[in-house]
Amino acid sequence: MKKKKAGMRKSNFVVGAFIATLGIVLTKALGIIYVIPFYAIIGDEGGALYGYAYTIYTLFMSLSSAGIPLAISKIVSEYQTLGYYNAKRRAFFIGKRIALLLGFICFLFLLLFAPWIAEAVLGDLTGGNTIEDVTFVIRIIGTAILVVPVLSIYRGYFEGHRFMEPPSFSQVLEQLVRVFVIVFGSFMAIRVFHLSLTSAVGIAVFGATAGAIAAYLYLVFKKRKNKAKFNEKIRSVNEPIITNKQIFRKLIIYAFPFIMIDVFKSLYNYIDMVTVVQGLVDYAGFSVVDAESIMSMLSTWGAKFNMIILAISTGIIVSLIPNLTQSVVRKDQDDINHKINQALSILLFFTLPMTFAISFLAKPIWTVFYGVSEYGPSVLSFYIFVGFMIGLFTSTISIVQVLKDYKTVIFSLFIGVVLKFLLNNNLITAFYQMGLPAYYGAITASFIGYFVSFVICIIQLKRKYKINYENFIKNFIDTICGSILMIGVFLLLQFIIPISSSVRLMNVLILVIYVVVGIVVYFIYAHYSKLTEHIFGKNIFKIFRKK
């Protein structure tokens, strides 16, 4: 007699982080690969228009749903651990109603006020995209906000039960549909039906809506199919009376800091959007076309590679929140300390060498994806470090949020954004006067803002929660050494294999060789220095086999 398939399975922190990260990395990888044909179809001007739409979209997505799925994950994990199953189910339904309401309000706002937003973005600039163009794409992408918030609630509900596979697969499915609409839709619009560039970008940004609908239907199906798994009781207690008002209040309290995290992160992009083009034109002598091209690299093309770095931090956060919440509910200080150190160490283990490698290989990477560019490789080689810093900051501030230190969350976010705002144009001017690329000023301002916010969180965790960073510091030093060794090997390899070629296909081969060599060197070092053992433990592979 055949055994029935196990279906959905719960994951511990490390395995859950791996599953969540794998799903997000695959999603972001698809998000990078599609830009090769997409860039060839719409070019820099279309990329800038696409970037304007997505910058506004991410800001309003932060307002409508950014914190709610993580809050749902946290509440579900908390109630599940305590055995409050009725309250857990009601929290899910209340979360859905809030998400639908906020999504509709944000959609309506974008629909009505898109012209005003477009005017605020472009100002009096001429020679590139028009206010009408930006208005059109903002209204189109606004439709996604009707779907994504409630989709996020479903993901948070699964993750709160530590079912990591379905939400991870839903992200891949969402991206596949989105990429198909972006590439196929924009190609058909321009090359077959000969529509305007604005129409093509409008179709492309609608991919966000199409992908969200597909992912939502998949999770609804999985939830209904596995109803018994969600209703499973791990402990029997006399559940206290918890009113809907209390659940609503807890949801808002938990969600608000997460919303603020994403809102403030979006403000970094918004500050760039309204200052970089004007600043490069006024203070550094760039033409509007070149300034918009650089802006598109920061908001769209270069940012795609930062997403790979951020995918790892997001995967770790998604798994960490329900697991860390469980430890907090149990008041297990040793386990809290261990999980925080392990989470930060895992993040560094993967993202630091990736950041160094992408920076070093910026020229062949940019050429492969976008062709020869005057500014692209220079932007990417520096901007990737902002992605690294965002990942480190986001993970740390999420930990502070789980520990309910909301004052530190808001304070660190506020200080970082204020620094970004004050430094942006000043550093653009300073870098230009020093004979360095002026756009490095905006990138440096972002790095400083996120770094200061990160330091504030780290200090507060040490001071208030007695987190011991001894293991993290040791792992950080070993990770730095492994990354530097990898770059050293790259420098030697240059004498045999040039770092880049004028032939696009040759750059693909160059990247494959360098990446393989880099991975081998780094992991050999990590193995013999026992870095992998210190971070993941001796039995990591046995853990995966059990799961």
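The values are calculated or read from the model by the stated rules, or taken from the named source; none is laboratory data. Being a predicted model, the structure only gives us computed values, none of them experimental. For neighbour counting, all protein chains shown are included, and Cβ atoms are generated from backbone atoms with ideal geometry for every residue, glycine included.
Quick notes on this structure:
- Residue satisfying condition, being touching a residue at least 40 places away in the same chain (Cβ under 8 Å) and of a type in the set (D, E, K, R), within set ARG178, ARG155, ARG139: ARG155
- Within segment 48-100, being under 21 Å from GLY160 (Cβ atoms), among the polar types (S, T, N, Q) and within 23 Å of the chain's Cα centre (by Cα) holds for SER62, SER64, SER65, SER73, SER77.
- Of note, VAL372 does not satisfy the criterion of being in contact (Cβ under 8 Å) with a residue 24 or more places away in the chain, surrounded by 21 or more Cβ atoms within 10 Å (Cβ to Cβ) and of a type outside the set (Ser, Thr, Tyr).
- Count of segment 358-368 residues which are of a type in the set (A, V, I, L, M), crowded, with 23+ Cβ neighbours inside 10 Å, in contact (Cβ under 8 Å) with a residue 24 or more places away in the chain and assigned to a helix (DSSP H, G or I): 1
- Residue pairs whose Cβ atoms lie under 9 Å apart, separated by 6 or more positions or on different chains, with the first residue in segment 458-486 and touching a residue at least 24 places away in the same chain (Cβ under 8 Å) and among the β-branched types (Val, Ile, Thr) and the second surrounded by 14 or more Cβ atoms within 10 Å (Cβ to Cβ) and outside any helix (DSSP H, G or I), are ILE458/ILE467; ILE458/TYR469.
- Only residues that are modelled with pLDDT of 85 or more, among the small types (Gly, Ala, Ser) and closer than 20 Å to PHE60 by Cβ were counted in segment 260-312, giving 0.
- When SER313, SER373 are screened for being of a type outside the set (A, V, I, L, M), out of contact with any strand residue (DSSP E or B) (no Cβ under 6 Å at 6 or more places or on another chain), part of a helix (DSSP H, G or I) and on the phi < 0 side of the Ramachandran plot, only SER313 passes.
- If you filter segment 474-499 down to residues that are within 31 Å of the chain's Cα centre (by Cα) and of a type outside the set (A, V, I, L, M, F, W, C), you find that the one that is farthest from PHE356 (Cα to Cα) is LYS474.
- Among the residues making up segment 510-520, those that are farther than 10 Å from VAL368 by Cβ and surrounded by fewer than 20 Cβ atoms within 10 Å (Cβ to Cβ) are VAL512, ILE513, VAL515, VAL516, VAL517, ILE519, VAL520.
- Given (1) modelled with pLDDT under 90; (2) assigned to a helix (DSSP H, G or I), number of the condition LEU173 does not satisfy: (1)
- Qualifying positions in segment 375-384 - free of Cβ contacts under 8 Å to residues at least 24 places away in the same chain and within 15 Å of MET295 (Cα to Cα): PRO377
- Flag for SER170 being under 20 Å from THR130 (Cβ atoms), surrounded by 24 or more Cβ atoms within 10 Å (Cβ to Cβ) and not β-branched (Val, Ile, Thr): no
- The condition of being modelled with pLDDT under 95, within 22 Å of the chain's Cα centre (by Cα) and more than 28 Å from SER296 (Cβ to Cβ) holds for only one of PRO149, PRO166, that being PRO166.
- Boolean, ARG139 is out of contact with any Gly (no Cβ under 8 Å at 6 or more places or on another chain), of a type outside the set (Ser, Thr, Tyr), more than 29 Å from LEU49 (Cβ to Cβ) and in a helix (DSSP H, G or I): no
- Residue within segment 328-341 that is buried (at least 24 other Cβ atoms within 10 Å of the Cβ) and either of a type in the set (Ser, Thr, Tyr) or assigned to a helix (DSSP H, G or I) (or both) present: yes
- Total residues in segment 56-80 satisfying the condition of being modelled with pLDDT of 80 or more and either surrounded by fewer than 23 Cβ atoms within 10 Å (Cβ to Cβ) or closer than 26 Å to TRP301 by Cα (or both): the figure is 4.
- The residues on offer are SER529, SER502, SER453, and the sole one that is closer than 23 Å to MET354 by Cβ and more than 29 Å from the chain's Cα centre (by Cα) is SER529.
- One residue stands out among those in segment 405-448 that are within 25 Å of ILE253 (Cα to Cα) and either more than 22 Å from the chain's Cα centre (by Cα) or among the small types (Gly, Ala, Ser) (or both): the one that is surrounded by the most Cβ atoms within 10 Å (Cβ to Cβ), which is SER412.
- Filter result (exposed (fewer than 11 other Cβ atoms within 10 Å of the Cβ) and either touching a residue at least 40 places away in the same chain (Cβ under 8 Å) or in contact with a strand residue (DSSP E or B) (Cβ under 8 Å, 6 or more places away or on another chain) (or both)) within segment 185-243: ASN231, LYS233, ILE234, ARG235, SER236, VAL237, PRO240
- All conditions but one from (1) over 30 Å from GLY83 (Cβ atoms); (2) of a type outside the set (D, E, K, R); (3) assigned to a helix (DSSP H, G or I) apply to LEU195; the one that does not is (3).
- Test for MET307: is it in contact with a Lys or Arg (Cβ under 6 Å, 6 or more places away or on another chain) and in contact (Cβ under 8 Å) with a residue 40 or more places away in the chain: yes
- Per the listing THR351, THR325, THR300, the residue uniquely in a helix (DSSP H, G or I) and out of contact with any Phe, Trp or Tyr (no Cβ under 7 Å at 6 or more places or on another chain) is THR325.
- Scanning segment 299-343 for residues that are closer than 13 Å to VAL402 by Cα and under 11 Å from the mean Cα position of the chain (by Cα) yields one hit, ILE317.
- Beta carbons closer than 8 Å, at least 6 apart along the sequence or on distinct chains, pair a first residue in segment 416-427 that is closer than 16 Å to VAL263 by Cβ and touching a residue at least 24 places away in the same chain (Cβ under 8 Å) with a second that is in a helix (DSSP H, G or I) and aliphatic (A, V, I, L, M) for GLY416/VAL452; VAL417/LEU267; VAL417/ILE271; LYS420/LEU267; LYS420/ILE271; LYS420/ALA445; LYS420/ILE448; PHE421/ILE271.
- In segment 81-101, the qualifying residues are those that are in contact with a Ser or Thr (Cβ under 8 Å, 6 or more places away or on another chain) and touching a residue at least 60 places away in the same chain (Cβ under 8 Å), and the one that is surrounded by the fewest Cβ atoms within 10 Å (Cβ to Cβ) is GLY83.
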